[in-house]
Amino acid sequence: MARYSGPIVDSHHHLWRLTPGSHPWLGEGREEIVRDVLPPDYTATFSEFDIRATVLVEALAGYPLRELQEAETWRQSTGGRIATAVIAHAPLDSPRIGTVLDRYRDVSPAFRGIRDIISAGPRKPSFARSPDLLTRPAFRDGLAALAQRDLVFDLMLDPTQLEAAAALLLDIPELSVAIEHAGHPRDRTPDGRKQWRVGMARLADRPNTIVKVSALQVHDPNWTVESLSTVVCPLVDLFGVQRLCFGTDYPVHDLACPGPVAIDAMLDVTEDWAASDQSAFFHGTATSFYGLADHESKQTRLHP
C-alpha cells in the first residue's frame, strides 16, 4: 500500500476574530492562539495538502449568531472551500431552539448542525454549560428538533459520559451524530481504555453515527505512529473505516501538535489501508455526512 495523496476534507477546525468578550475561554495557557485566526491563516498553514473543503465548528463564541454570520462571509470569500459546512452553537435545552435553528438556516446555507458541548468529567475543567445536560428532558427535545430538520449533532463529551450519551441517543435513532475527537480517550490506564472502548462500542451500535479522528496528540504528548494506532485501530474495529473521518482541530490542536505534523502522522497511521478506505477516511465520509457533494463537484484544491 502507499500513503494517501488524494483530496482531503477537514471535518473539524475553528476560526475566529477576537473582539472584547468574544471568546472568554482563550486565556492563560493558550497564549499561542490568542489572536485572530482567519481563512488566510488556515490556507497558509495547510498549503502543502489538497484540502478541498472544511467543516468549521463553533468555538465557544460569546455571540453564536454573530459567529455564524461571519462564517458565512468566510465561506463566500473562499468560494466555499473554507466553512463549506458549519456547525454552530445553540443551547439545545432552550424552549426557543426550533426558532433558533430555523434562523440559523436563513443565515447560512452551509449551516449543518449544532455543537452544544456536554463534556463534564472528574479530571478537567468543563466547557459544558452545565454538567447535567444529558439528563435534561429539554435537551433531549432539542436533539429531536435537530433530527426533525435533518440537522446533525456534533458530540463533544468525556469518556465517563459515553454510556449515558449512548442511552440517550439510542432513543433518537434518526439523529445523525458525529463523535468529536475520537471520544476523548484521555485516560491511558487499562481501566480508562476499557471504559472508553465499552462506551464507544455502545455508540457504534446506533445508526447514523460517525467518529471524527481528531485531537489525538492532546492526550498523547509523547505520541508515535504506533501509539496513535492504538486509538485508531479499535475505532476501525468498532465502527469500520467508512464511519471514520479525519479532522485537524486547527488551531486548538496546534497547542499540542502543529496541524501539518498531525496530518502527516495520520497519513502514516493509514499507510497500509486499502486505497478505498484511505479515501473514505480523509474525504468520503465527511463529504457524505455533512452534505458536501454539490460543493465538491465544483471545486479544485484549496491552495492552487
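The values are calculated or read from the model by the stated rules, or taken from the named source; none is laboratory data. Quick caveat, the model's predicted, so the values are computed rather than measured. So basically every Cβ, Gly included, is an ideal-geometry build from the backbone, and we count neighbours across all protein chains shown. Remember, those area values only see protein heavy atoms, side chains included, never the ligands or the DNA or RNA. Shrake-Rupley method; radii C 1.70, N 1.55, O 1.52, S 1.80 Å.
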Item to check | Tally, over the range 7-46, of residues that are under 23 Å from Ala110 (Cβ atoms) and touching a residue at least 24 places away in the same chain (Cβ under 8 Å) | outcome: 21
Next on the checklist: Every residue in the range 27-47 that is open to solvent by 20 Å² or more (accessible area, probe 1.4 Å) and either part of a loop (DSSP other than H, G, I, E, B) or touching a Phe, Trp or Tyr at 6+ places or on another chain (Cβ under 6 Å) (or both), please.
Outcome noted: Gly27, Glu28, Gly29, Arg30, Val34, Arg35, Asp36, Leu38, Ser47
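Residue by residue through the range 167-184, note down the ones that are assigned to a helix (DSSP H, G or I) and either open to solvent by 10 Å² or more (accessible area, probe 1.4 Å) or at positive phi (or both).
Start the filter on the range 167-184 by keeping residues that are assigned to a helix (DSSP H, G or I), which leaves 167-169, 180-183.
Those that are assigned to a helix (DSSP H, G or I) and either open to solvent by 10 Å² or more (accessible area, probe 1.4 Å) or at positive phi (or both): Ala167, Leu168, His181, Ala182, Gly183.
Quick one: would you say Gln195 is more than 16 Å from the chain's Cα centre (by Cα), in contact (Cβ under 8 Å) with a residue 40 or more places away in the chain and surrounded by 17 or more Cβ atoms within 10 Å (Cβ to Cβ)? Walk me through it before giving the result.
On the way: more than 16 Å from the chain's Cα centre (by Cα): yes; in contact (Cβ under 8 Å) with a residue 40 or more places away in the chain: no; surrounded by 17 or more Cβ atoms within 10 Å (Cβ to Cβ): yes.
Here the answer is no, as Gln195 does not meet what is asked.
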Checklist entry - Taking interchain pairs and intrachain pairs at least six residues apart, which have beta carbon atoms under 7 angstrom, with the first residue in the range 84-96 and under 15 Å from Asp154 (Cα atoms) and the second polar (S, T, N, Q)? => result Val86/Ser108
Next on the checklist: Scan the range 266-285 and tell me whether some residue there is assigned to a loop (DSSP other than H, G, I, E, B) and aromatic (Phe, Trp, Tyr).
Outcome noted: yes
Checklist entry - Which members of the range 5-18 meet the condition of being surrounded by fewer than 20 Cβ atoms within 10 Å (Cβ to Cβ) and under 24 Å from Asp154 (Cβ atoms)? => result Arg17, Leu18
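From the list Leu92, Leu101, which residue is hydrophobic (A, V, I, L, M, F, W, C) and not in a loop (DSSP other than H, G, I, E, B)?
On the way: Leu92 fails: not in a loop (DSSP other than H, G, I, E, B).
Criteria check complete, one pass: Leu101.
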Next on the checklist: For the condition open to solvent by 20 Å² or more (accessible area, probe 1.4 Å), under 25 Å from Ile87 (Cα atoms) and either among the aromatic types (Phe, Trp, Tyr) or touching a Leu at 6+ places or on another chain (Cβ under 7 Å) (or both), what is the one hit in Ala164, Ala204?
Outcome noted: Ala164
Next on the checklist: Scan the range 148-164 and tell me whether some residue there is touching a strand residue (DSSP E or B) at 6+ places or on another chain (Cβ under 8 Å), at pLDDT 95 or above, on the phi < 0 side of the Ramachandran plot and assigned to a helix (DSSP H, G or I).
Outcome noted: no
Checklist outcome for this item: Per the filter on the range 74-88, residues open to solvent by less than 50 Å² (accessible area, probe 1.4 Å) and touching a strand residue (DSSP E or B) at 6+ places or on another chain (Cβ under 8 Å) are Trp74, Gly80, Ile82, Ala83, Thr84, Ala85, Val86, Ile87, Ala88
Next on the checklist: Being open to solvent by less than 10 Å² (accessible area, probe 1.4 Å) and part of a loop (DSSP other than H, G, I, E, B) is true for just one of Ala53, Ala59, Ala2, Ala71. Which residue is that?
Outcome noted: Ala59
Checklist entry - Would the range 277-296 turn up any residue that is among the aliphatic types (A, V, I, L, M), more than 15 Å from the chain's Cα centre (by Cα), modelled with pLDDT of 95 or more and surrounded by fewer than 18 Cβ atoms within 10 Å (Cβ to Cβ)? => result no
Checklist entry - Any idea which of (1) outside any loop (DSSP other than H, G, I, E, B); (2) on the phi < 0 side of the Ramachandran plot is the one Asp187 doesn't satisfy? => result (1)
Next on the checklist: Quick test for you: out of Pro91, Pro109, pick the one residue that is at pLDDT 95 or above, open to solvent by 10 Å² or more (accessible area, probe 1.4 Å) and either in contact with a Lys or Arg (Cβ under 8 Å, 6 or more places away or on another chain) or on the phi > 0 side of the Ramachandran plot (or both).
Outcome noted: Pro91
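Can you tell me which residue in the range 212-228 is most open to solvent (accessible area, probe 1.4 Å), limited to those that are among the aliphatic types (A, V, I, L, M) and assigned to a helix (DSSP H, G or I)?
Within the range 212-228, the subset among the aliphatic types (A, V, I, L, M) is 213, 215-216, 218, 225, 228.
Then keep just the ones that are assigned to a helix (DSSP H, G or I); that gives 216, 218, 225, 228.
Details: Leu216: 9, Val218: 65, Val225: 42, Leu228: 3 Å².
Only one residue fits best here, namely Val218.
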Next on the checklist: Name the single residue that is modelled with the lowest pLDDT among those in the range 215-231 being among the β-branched types (Val, Ile, Thr) and in contact with a helix residue (DSSP H, G or I) (Cβ under 8 Å, 6 or more places away or on another chain).
Outcome noted: Val218
